[in-house]
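J.: Let me begin by handing over the structure; questions about it come next.
The values are calculated or read from the model by the stated rules, or taken from the named source; none is laboratory data. Source: prediction; values computed, not measured. Every residue, glycine as well, gets a Cβ built from its backbone with ideal geometry; the counts of neighbours run over all protein chains shown. Remember, those area values only see protein heavy atoms, side chains included, never the ligands or the DNA or RNA. Shrake-Rupley method; radii C 1.70, N 1.55, O 1.52, S 1.80 Å.
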Amino acid sequence: MTAREADALYHVVGTPRRGGRFGFSRVHTMALSTASFGQLWRRLLRAPLFTVVSVLTLGVGIGANTAIFSVVYAVLLKPLPFTEPGRLVGVWHTAPGFGVDLANVSPATYLTYRDESRVFEDIGMWDTGQVSLTGRGEPERVEALYVTDGTLPILEVQPVLGRVFTRADDAPGSPQRTVLTYGYWQRRFGGARDIVGQTVSIDGEPVEIIGILPSSFNFLRTSPALVLPFQINRAETHLGNFSFQAIARLRPDVTIAQANRDVARMIPLMLERFAPPRGFTRQAFEEIRLGPNVRPLSKDVIGDVGRVLWILLGTVGIVLLIACANVANLFLVRAEGRQQEFAVRAALGASRGRLARELLGESMTLGLAGGLVGLVLARAAIGLLVWLAPSGLPRLDEIGLDPIVLLFTLAISIIAGLLFGVIPVFKFGAPSATALKEGGRSTSDGPERHRARNTLVVGEVALALVLLVVSGLMIRTFLALRQVDPGFTRPEEVQTFRLAIPEALVSDRHQTVRTHEQIVQRLQQLPGVTSVGLSSSITMDGNDSSDPILVEERPDVGRQMPPLRRFKFIAPGYFETMGNPVRMGRAITWRDIYQDALVAVVSENLAREYWKDPAEAIGKRIRFNPTNPWREIIGIVGNERDDGLNRAAPTIVYWPMAMEQFYSEEPFISRTMAYAVRSTRMSSPGFLREIQQAVWSVNPNLPLASVQTLDEIRADSMAQTSFALTMLVIAAAVALLLGVVGLYGVIAYIAAQRTREIGIRMALGAQAGDVCRLFVRQGLWLTGIGVALGVAATLGLTRLMSSLLFGVSAMDPITYLTVSASLGGVALLATYLPARRASRIDPISALRSDR
């Protein structure tokens, strides 16, 4: 055995060489024994650069996957924190007649299902709202959860103090009672245990506190301060009013398919038992074609965020594959340098399986070490994810490194170790006898010896291109959203809040209007305020209301039920403050409201739908109900992107905030209004306090709620897109970095392996530029193949994310060309640097090289 061969074995197994001779018996023992984990780790530490780079590369990939999986598990996979959550369902409907796939429940459906169901143990109806608490310090506007008496028992919620609602509490005419959530009890009442039995003033009426919910109570996607009963009056219930949500607990062994069949059976019963509302017929409700849509309650919690999270998990999975390819390349280089060692050990009796186990042992050790580093990185990344996550992301407080996530990390660490370890096993696990004869100068590095490394680099480039294209499409989506006209201008200058005037506080309808007008006047007097407007819903704030709207000259032929239209109640100043222009006609005035003028304003897209030319809509008449008087359209305003920037603007009707009749023959007033205040002093620290004082100068019992700027509302509408964009750009940047490093490493290694060949070429007259082009050409060839494969893969994969895109096609050629050209440019640089270094080799030194 030569001194070089003995040194090779020394670096692997740590056996000393003395005076050029080797202790064969000791070597034989070490070669044939299965190395322990400690021995494997010590062996890896003898190549510290290789080990550190490999562990960090794997740590980045594993950490990213662990962090995203922790979110996916907490949000999508983790069972709901209720008893037997698999039996909990959300009760919804389909309404093909309205073109709706997910329709809510109504009091009529709830009462029918509770009376007649054969599959539900019980059903509960719920909704959210806001109430004002007064009489205990400053007035406060808080979120309330309205429930029927069965809702909390369905979830098997046990109060920490007092009790929850009974059927008697939910009966119409019963004394008003409430249950506080634990957090609000602690914050508002200091956790006082004697609060149960006391009364608080809610919307101006005394309400008894009967219980405190546990700190673990978490109702779907809501954050209520207190819970109130619905107290539905069956005698006043009619068909329609699909404005609420419902949950139910299935009986044991009942499937969701059976539940849907039972709901389908009960819908005709509901149509028979309850009368239609004033002005409509039962036939009109039959035309809606109401159908069942019972689904697991977890879907109500998750909403539409699941698609984004699965895409992100797939994205970081690609990052891990690229990391594995990088480490596999390093491992191949290391294994190739040990060929003579493997040949010696095979000659001494080591079997192929034993050598393969050793290689896999090293790769598994690196994988587990990368997993440990990944956990450290994931812990920091989870904090970043929670900070970046959109406010609507459910179950944020449950995201963490729990046992399931740790098992996932262990699993992908092992899989990663196998992935990059199995390639050198196949390539070098069966050393040939010729390896013993191969010396540095006698061997040439043929192309076949680089095939595995080249394949890995091509794969890295292809995967990096996939992520770069996906990120490019999301960037173009984000830019397209920024160019959309949302129906308002300069949102950073508009402060919004909601204000409610309960009937118990101001009973007279016109006095309520005057109170709102007085508040507007006081706000307009604040320094820097240029305009103030009122609406029942600010654009994109989620307070949506829709009902059928009838058009006098355009009745829907053959239909009893006209199409649903979005509607809002407004007061003067709303369009001016929002910056949504009145394109034709005029807006509603305070005089219109006080005189109950029969007027309305409509959006431009609604006017175009019915009359083509919006100008033709002026003077036409519409109404909410067949028994309501016709109202003249006096103005056409610009469209509002009320459902978000990525959704088409709905058609909207704007009614005066007070009318002689609307839902019924009784006078109507919208008591809760959203205020929009445009000011040049938005950044002033005391501006909000001045607004509050202006409101209290009119009535000290009116708290502000939902205080946010219009810019914050717009940002919330883009939050999911922004979150996905940020995560994808980070993943793409990491993928690009790893891919470029892999390409650089392969070209640099090939150049080093061909040092002797370079010397011969230059000695025969080759110029430095010729040598440089030789390696650049090879790098660009690998990049070109990777780009071609990446484009083909991306064309298939991006269709999965088409629902996340806006204003750009999933096969947008500009994005593909830009990304491909950019990746090619970066790859050219990564290839040129080692090629230039190779071209500067001294021919004499190269000819003396062992390679």
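J.: Looking at the range 727-750, which of its residues are surrounded by 24 or more Cβ atoms within 10 Å (Cβ to Cβ) and touching a His at 6+ places or on another chain (Cβ under 8 Å)?
T.: Listed by number, the list holds a single entry, Val746.
J.: Restricting the search to the range 251-277, which residues are within 14 Å of Ala108 (Cα to Cα) and assigned to a helix (DSSP H, G or I)?
T.: Residues satisfying the conditions are Val263, Met266, Ile267, Pro268, Leu269, Met270, Leu271, Glu272, Arg273.
J.: Which members of the range 171-183 meet the condition of being open to solvent by 10 Å² or more (accessible area, probe 1.4 Å) and within 24 Å of Leu80 (Cβ to Cβ)?
T.: Within the range 171-183, Thr181, Tyr182, Gly183 qualify.
J.: Next question. Does Arg498 satisfy the condition of being closer than 30 Å to Ser722 by Cβ, open to solvent by 10 Å² or more (accessible area, probe 1.4 Å) and in contact with a Gly (Cβ under 8 Å, 6 or more places away or on another chain)?
T.: Here the answer is no, as Arg498 does not meet what is asked.
J.: If you don't mind, there's one more thing I want to ask. Going by the structure shown, is Ser243 of a type in the set (Ser, Thr, Tyr) and either closer than 28 Å to Leu505 by Cβ or modelled with pLDDT of 95 or more (or both)?
T.: yes
J.: Here's something else I'd like to know. Pick out the one residue from Gln708, Gln692 that is more than 28 Å from Ala607 (Cα to Cα) and part of a strand (DSSP E or B).
T.: Gln708
J.: Any idea which residue in the range 365-390 is farthest from the chain's Cα centre (by Cα), counting only those that are open to solvent by 60 Å² or more (accessible area, probe 1.4 Å) and over 16 Å from Met727 (Cβ atoms)?
T.: The qualifying residue farthest from the chain's Cα centre (by Cα) is Leu368.
J.: If Lys568 satisfies all but one of (1) at positive phi; (2) of a type outside the set (A, V, I, L, M, F, W, C); (3) open to solvent by less than 20 Å² (accessible area, probe 1.4 Å), what's the number of the condition it fails?
T.: Of everything listed in (1) at positive phi; (2) of a type outside the set (A, V, I, L, M, F, W, C); (3) open to solvent by less than 20 Å² (accessible area, probe 1.4 Å), Lys568 misses just condition (1).
J.: Still on this structure: Within the range 121-141, track down each residue that is in a strand (DSSP E or B) and open to solvent by 10 Å² or more (accessible area, probe 1.4 Å).
T.: Of the residues in the range 121-141, the ones in a strand (DSSP E or B) are 121-134, 140-141.
Those that are in a strand (DSSP E or B) and open to solvent by 10 Å² or more (accessible area, probe 1.4 Å): Glu121, Asp122, Trp126, Asp127, Thr128, Gly129, Gln130, Thr134, Glu140, Arg141.
J.: Now for a different question. All but one of (1) under 20 Å from Met125 (Cα atoms); (2) open to solvent by 30 Å² or more (accessible area, probe 1.4 Å) hold for Met270; state the number of the condition that does not hold.
T.: Unmet condition: (2).
J.: Can you name every residue in the range 495-528 that is under 19 Å from Met682 (Cβ atoms) and assigned to a loop (DSSP other than H, G, I, E, B)?
T.: Once the filter is applied, which keeps residues that are under 19 Å from Met682 (Cβ atoms) and assigned to a loop (DSSP other than H, G, I, E, B), the range 495-528 yields Gln525, Leu526, Pro527, Gly528.
J.: Which of the numbered conditions does Leu534 fail, given that it passes all the others? Conditions: (1) hydrophobic (A, V, I, L, M, F, W, C); (2) assigned to a strand (DSSP E or B); (3) open to solvent by 10 Å² or more (accessible area, probe 1.4 Å).
T.: Every listed condition holds for Leu534 apart from (3).
J.: Yes or no: the range 529-538 includes at least one residue that is more than 32 Å from the chain's Cα centre (by Cα), among the polar types (S, T, N, Q) and farther than 23 Å from Phe687 by Cα.
T.: Within the range 529-538 (the criterion being more than 32 Å from the chain's Cα centre (by Cα), among the polar types (S, T, N, Q) and farther than 23 Å from Phe687 by Cα), the answer is no, since none of the residues qualifies.
J.: Also: Does the range 589-607 hold any residues that are of a type in the set (D, E, K, R) and surrounded by 17 or more Cβ atoms within 10 Å (Cβ to Cβ), and which are they?
T.: Scanning the range 589-607 gives Asp592, Asp596, Glu604.
J.: Just checking, which of Ile652, Ile622 is at pLDDT below 95, within 17 Å of Pro563 (Cβ to Cβ) and open to solvent by less than 20 Å² (accessible area, probe 1.4 Å)? Don't jump to the end; show me each part of the working.
T.: Values: Ile652 fails: at pLDDT below 95.
After ruling out the rest, the residue left standing is Ile622.
J.: Quick check, is Ala343 at pLDDT below 70, touching a helix residue (DSSP H, G or I) at 6+ places or on another chain (Cβ under 7 Å), not in a helix (DSSP H, G or I) and not β-branched (Val, Ile, Thr)? Even if it seems obvious, please write down each step before you answer.
T.: On the way: at pLDDT below 70: yes; touching a helix residue (DSSP H, G or I) at 6+ places or on another chain (Cβ under 7 Å): yes; not in a helix (DSSP H, G or I): no; not β-branched (Val, Ile, Thr): yes.
No, not satisfied.
J.: To continue, here is another question. Residue check: is Val637 surrounded by 21 or more Cβ atoms within 10 Å (Cβ to Cβ) and closer than 18 Å to Ile669 by Cα?
T.: Answer is no for this residue.
J.: Follow-up. Mind listing just one residue for me: the one in the range 591-632 that is in a helix (DSSP H, G or I) and basic (Lys, Arg) and, of those, farthest from Phe662 (Cα to Cα)?
T.: That would be Arg608.
J.: Could you give every pair whose Cβ atoms fall below 7 Å, whose first residue belongs to the range 77-88 and is over 16 Å from Phe120 (Cβ atoms), and whose second residue is polar (S, T, N, Q) and surrounded by fewer than 12 Cβ atoms within 10 Å (Cβ to Cβ), counting only separations of at least 6 or pairs across chains?
T.: Within 7 Å, the pairs are Pro81/Ser216.
J.: Here's a follow-up. Sort out which residues of the range 478-494 are open to solvent by less than 10 Å² (accessible area, probe 1.4 Å) and either assigned to a strand (DSSP E or B) or of a type in the set (D, E, K, R) (or both), and write them in order of number.
T.: Matches in the range 478-494: Val494 only.
J.: Also, quick follow-up: For the range 139-187, give me each residue that is of a type outside the set (A, V, I, L, M), without any contact (Cβ under 8 Å) to a residue 24 or more places away in the chain and over 20 Å from Ala225 (Cβ atoms).
T.: Within the range 139-187, Thr166, Arg167 qualify.
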